[in-house]
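Scroll down for the structure; my scribbles are underneath it.
The values are calculated or read from the model by the stated rules, or taken from the named source; none is laboratory data. Computed from a predicted structure; not experimentally measured. Quick reminder, even Gly has a Cβ in these numbers, built from the backbone with ideal geometry, and neighbours come from all protein chains shown.
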C-alpha cells in the first residue's frame, strides 16, 4: 500500500472521528446525532484499513473493529429505530 494512501486513511479517520464526536457533543437532535454516527462508521472503516495495511497499526485496527460495532448500534438507534428508543424512556 502506498504511503500517501495510508496517510489519507489515517488522517481521514482521525478527522472524521473528531467531527463526529463534536456533533454528538452538541446534542442537536436525533437525526444529526444519527448522521454523526454514520461519520463515525466511515472513520472506523478508514482506521481499520489503515491499521491492518500498516506495519505498526494492528492495535488501532482492532480497536476500530470494536468501535465500528458500537457505531453501527448508534446508527441503528438514532436513524433506523428512533421510535423504539423513545418508547424506552
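Below are the figures for this structure:
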{"item": "Counted residues, the range 62-84 - those being outside any helix (DSSP H, G or I) and within 11 Å of the chain's Cα centre (by Cα)", "result": "0"}
{"item": "Unmet criterion (only one of (1) part of a helix (DSSP H, G or I); (2) modelled with pLDDT under 95) for residue 1", "result": "(1)"}
{"item": "Count of the range 2-33 residues which are surrounded by 12 or more Cβ atoms within 10 Å (Cβ to Cβ) and more than 15 Å from residue 44 (Cβ to Cβ)", "result": "8"}
